[in-house]
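The values are calculated or read from the model by the stated rules, or taken from the named source; none is laboratory data. What you are looking at is a predicted structure, and each value in this text was computed from that prediction instead of being measured. Note: ideal-geometry Cβ built from the backbone for every residue, glycine included; neighbour counts use all protein chains shown. Please note that ligands, DNA and RNA were not included when accessible areas were found on the heavy atoms of the full protein model with its side chains. Shrake-Rupley method; radii C 1.70, N 1.55, O 1.52, S 1.80 Å.
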Amino acid sequence: MAIKGKQLELGLHPFKLSFKDLSLEKEYKADYDNEIREFNRMGIVLSYFAWLAFGIFSYAGNLNHFFHITLVIVFGLYPIFTLNLLILSSQQYLRYFQVLTALSNVAAGLSIIYIGQFILDKNLVTISGVFVVILFAFFILRLRYKIAVLTSLIYVTVYQFTMIGENESGILSLTLWVVEITCIIGGNQLERANRKSFHQNKMRQKAEERSSYLAYHDMLTGLPNRFMFTEKLRKLIKNGSQFAVLFIDLDQFKKINDTRGHTIGDQILQLVAQRLLKSVSKEDIVARLGGDEFTIILPSKTKTEVAHFAEKIVTDIRTPFFVENSKFHLKASVGISLFPVDGENLEALLKNSDIAMYSSKEYGGNNYRFFNNSMNSLLEEKVNLERMLHSALANEEFLVYYQPQIDLRTGQIFGAEALIRWEHPHQGMIPPDQFVPIAEETGLIGPIGDWVLRTACFQAKRWNREHEHPIRIAVNLSVKQLINGDIVSSVSKALHETGLDPNLLELELTESIFMQDAKFMVSTLNELKKLGVRISIDDFGTGYSSLAYLKDYPIDSLKVDRTFVHNLLNNKKNTAIVSAVITLARRLGIRSVAEGIENAEQLNFLEMEGCDLAQGYYFSRPLSEDQMNDLLGHSSVSAFQWVCS
């Protein structure tokens, strides 16, 4: 018989009546222990008086047998009854009360048999006494079914031995067996009903607890959810004591979901939750609001203590995560608001900690920021910028500027890097570092990137038609263009529409591609290489550099980041790094490019080290289309003479 997924062993054998779920069986017995002990206690007290009354009646009516009966009662029964009562009143030896209860009933039954059969020689007294003890045993031990049955069977078995040769008591003996069987069957059915009722109540209780748990907890991580978090936050606000609210967002976590799938992403979120729980104390509250957003409430901590804690959280998240034999690097942006300084109600505290978190992202992420009032204006500027960005492409507000790249062996212009600019009709020229991150967040980087690619290819085709020597064009690609869009199709379409020789197009990618799914990236880059284009790694050495990537990825150029070129001659470490990258590129048979050249000393060093290409303000700032056309018109002159201001 199944009861809502749980099985009861309901065979006729009385010893098989139990839950298969041992924890449920243990809980069932524990729930009824108090009731059983009360029955036992009451039964033993009644037994004291019953045997005392029996002894008094024996003294009054059967003086010859009084001594024997008194011995049985005083030295046989009362010690067992007394020990049983002591056990029932003791917590230390409470586990023995079931055994003693069974012994008490066995002793009572055997005493009745001994007194009735051997002392009084009256079978009717024996039969009646055993019958009463059997019923009493089932009454007080019905929830310990095995003990009750064993006790009763002992009574009947012993009594039957005493009945050998007593034909006149056969009917009474048969009646006793019928009563015994009836008790077993009836007790079995009663126990089944009790267990079924207990199980149904327990399942109902667990369902209610589960429903309540799901209402207040996040199903993925088991942390408190937004609903429970806001309730606890309201209580703390009502209490009026100082506390801090930390809003935690995992930087660029969406890339993991996009490249490795949500299953891997969910496992990482679970590991993040575990790390956060290990970082907090018992009175702190950790919650997951949704996605990759977590919150922590820190009661009764000073601003300095909160800052130390936030720094620890950022460091803990930065430690690599290992899932399915893969290593993942994460960073976190943390925003902090303090009660009551940064808000006196729930909405203000959450809003301000969220603003502080976005401010942390604006500063590059992987850090924490306390809220201040100036952040409100910055957020408004960002929201306004995002609103304007949606219409910028349709309104033709974007421009492409070009920064020349110089061949250090010939001194001639090798090509140019295409750089997007945004000229707003009212705001003027808006720097790329302000709007490109927003374009990546909103998904606008796809259509904007396609426009830059197509425009640059058109311009490069025009230059190569007008000039004898080949002029190459380098176009930056966002990782999101590779992940979210069909970049191979976009590049192929741009080449087809413009007619540009694929060998003259170089696609620049940042080292963040190394964070993505390696198989996907290698496959995508190989497809691009089949088109005939060249692949360059931009800002090499500043992100996730690994020599293994240079071996596995189809790369044609390494671009030394400007941070190493800056202060090149005054920093021995920068000098060593730049020299090593140039040498590495030469040994791998790929081109080396240095950016950020600002003076002749830097240029001389790069020439001596054998760098292939260079670009920077020493040669030219990024130029408009017309300015670049003028520069190319003088291409017969050494490019070193064209240092544009």
Mind counting the residues in the stretch 323-340 that are surrounded by fewer than 21 Cβ atoms within 10 Å (Cβ to Cβ) and farther than 16 Å from LYS255 by Cα? 3
If you go through the stretch 276-322 one residue at a time, how many are open to solvent by 50 Å² or more (accessible area, probe 1.4 Å) and over 20 Å from THR221 (Cα atoms)? 9
How about the stretch 599-623: which of its residues are of a type in the set (Asp, Glu) and touching a strand residue (DSSP E or B) at 6+ places or on another chain (Cβ under 6 Å)? ASP612
Give just the number: which of (1) touching a Gly at 6+ places or on another chain (Cβ under 6 Å); (2) assigned to a helix (DSSP H, G or I) does LEU236 not satisfy? (1)
Checked the stretch 387-410 for anything in a strand (DSSP E or B) and either of a type outside the set (S, T, N, Q) or farther than 30 Å from HIS469 by Cα (or both); matches are PHE398, LEU399, VAL400, TYR401, TYR402, PRO404, ILE406, ASP407
In this structure, is GLU305 over 22 Å from LYS327 (Cα atoms), in contact (Cβ under 8 Å) with a residue 40 or more places away in the chain and charged (D, E, K, R)? no
PHE371 fails exactly one of the following numbered conditions: (1) more than 30 Å from PHE294 (Cα to Cα); (2) modelled with pLDDT of 90 or more. What is the number of that condition? (1)
Within the stretch 356-374, which residues are more than 24 Å from the chain's Cα centre (by Cα) and either among the acidic types (Asp, Glu) or surrounded by fewer than 21 Cβ atoms within 10 Å (Cβ to Cβ) (or both)? GLU362, TYR363, GLY364, ASN372, ASN373, SER374
Within the stretch 239-265, the count of residues that are open to solvent by 60 Å² or more (accessible area, probe 1.4 Å), over 22 Å from GLU305 (Cβ atoms) and in a helix (DSSP H, G or I) comes to 5
Determine whether the stretch 430-451 contains at least one residue that is open to solvent by less than 70 Å² (accessible area, probe 1.4 Å), outside any helix (DSSP H, G or I), closer than 23 Å to MET521 by Cβ and not β-branched (Val, Ile, Thr). yes
